[in-house]
Amino acid sequence: MEQANNTSNMPEDFKSFKAEIEVASPGRINLIGEHTDYNHGFVMPTAIDKKIYFKFRKNSSSNLGRIYSETFDAYVEFNTQKITKSTNSWENYLLGVIDEIQKLGKKLQGFDCIMKSELPIGAGISSSAALECGFAGGLNSLFNLELTQMDIVKLSQRAENNFVGSNCGIMDQFASVMSKKDHFIKLDCESLESEFIPAKIKHCKLLLLNTNVSHNLADSEYNTRRKECEDAVAIIQQKYKEVKSLRQVSFSVLEEFRQEIGETSFKRCQYVLEENERVRQTEEALRDGNLIALGELMYASHRGLQHQYEVSCPELDFLVDFSEDKAFIYGSRMMGGGFGGCTINLIEADKIDAYFEEVKKVYQEKFNITPTAITVVPDAGTQITKV
Ligand code: GAF
């Protein structure tokens, strides 16, 4: 971890920090399977080679937590036995983790932590899951809490649901912890069974184009979409009691309830059912090394998110539209919750630089915003080192 330029809020005794535990906690991408996780469907994410780095050491107190973020040059200290919400949103991801660890009956002592992030915030690559899971993993090792990887995934998701107040699914935390280098994970969000699929993308790379916008409605619309799907399931359940989630609804049953559910919810559910199908087809395309089929599925996913699920935005649509007639780009789609953040592009490696210059120019002209390009590689989940 390199020293940040401005460390004026770093406590004096952190300047010679002798770590007991170091953690590298990755962000994630998602090849396909968007807004399917909380509907108990399929997703295909992986961790990436861009991370948040933590250092941990015990301090001599029984309950004093001290955290310094080099990224924000911000310092916070708190009593681990009396966790309350902070007005700084990044702190709540960490406080929420402590709260959930303690709810499991695990005992923490005082600790110091320094962290630094190379993940852009609001880009749709889940800096939040990286923060939660890396922090939970570090505390687990520092205090020998005997939490399993799956405990860490689930408690991190609960921290976000209960403490931060975002009703997210399990995809991001699962990917951040469980991934394997050079593979995607096909995750069944109902059974939590997963399979590693080799990321055979031949002469292509995964390019993230960051719109550098993050529209305000992201959180509220996320929760609304979730509710629209759950309300539809509740209606279907009145006749088919065994149905617990959209995952168990077939196209014909959905059609049967079209009128009762209403056209908006019907569109949302139809998208989810189709997206689950696309994840299955993507697995096949990847295993066959069929990049053309894979790319078409990515475009179809985007169009579903744009028109049926309605979580895209003009900036994302522009980037996807612009890529569509480029023979060297196989697929492009918005990624993550939507309303801003990145598109993920399957693009021939040697075309990236020239393409970025071209798309940057037209995007700037249209929106007066400069986009950012990040090339990512599927990487392993959380790495924890005892120093
Ligand atoms: C966000 C959420 F955190 C995930 O759980 C998932 O629902 C995703 O949006 C959409 O696929 O990243």
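Every number here is computed from the coordinates shown, using simple stated rules; none is lab data. Because the structure is a prediction, the values reported are computed rather than measured. Don't worry about glycine lacking a Cβ; one is built from the backbone with ideal geometry, like all the others, and counts go over all protein chains shown.
Here the chain is treated with +1 on each Lys and Arg Cβ and -1 on each Asp and Glu Cβ, and its dipole about the Cα centre works out to around 980 debye. In terms of its C-alpha gyration tensor, region 191-272 has an oblate overall shape, because the principal axis ratio a/c (a ≥ b ≥ c, square roots of the eigenvalues) is not below 1.5 and a/b does not outweigh b/c.
According to the Kirkwood expression over distinct Cα-Cα pairs, how big is the hydrodynamic radius of region 35-76, in Å?
Taking every pair of different Cα atoms in region 35-76, averaging 1/r and inverting gives 14.5 Å.
Neighbours of ASP353, meaning other residues whose beta-carbon lies under 12 angstrom from its beta-carbon, give a summed charge of -1 when Lys and Arg score +1 and Asp and Glu score -1. Put simply, the Cα atoms of region 204-377 extend 56, 40, 25 Å along their principal axes, the longest span coming first.
From most to least packed by mean Cβ count within 10 Å, the peptides 142-150, 176-184 give 176-184, 142-150. So how far, in whole Å, is the C-alpha centre of region 59-77 from the one of region 138-207? A separation of 26 Å, based on Cα centres. Radius of gyration (Cα atoms) of region 1-99, expressed as a multiple of 2.2 N^0.38 Å: 1.33. Peptides 160-169, 343-352 ranked from most to least packed, by the mean per-residue count of other Cβ atoms within 10 Å: 343-352, 160-169. Just check region 201-247 against the gyration tensor rule for me: Cα atoms, a ≥ b ≥ c as the square roots of the eigenvalues, rounded for a/c under 1.5, and otherwise prolate or oblate depending on whether a/b exceeds b/c. It comes out oblate by the Cα gyration axes.
So, R0 is 45 Å and r is the distance between the beta-carbons of GLU274 and GLU118; what FRET efficiency does that work out to, to 0.05?
0.80
The alpha carbon radius of gyration of the chain, expressed as a multiple of 2.2 N^0.38 Å, is 1.00.
How long is the gain from TYR75 to VAL213 if the chain were fully straight, where each residue apart is worth 0.36 nm and the alpha carbon distance is subtracted?
In short, 47.0 nm is gained.
Highest mean first, the peptides 243-256, 369-382 sorted by other C-beta atoms within 10 Å per residue fall in the order 369-382, 243-256. Note on region 96-126 and region 287-311: Cα centroid distance 33 Å, given to the nearest whole angstrom. With a cut-off of 11 Å, note down the residues of region 320-353 whose backbone N falls inside the zone around a label point 7 Å from the Cα of PHE367 toward its beta carbon. The answer is 320, 339-343, whose backbone nitrogens lie closer than 11 Å to the label point.
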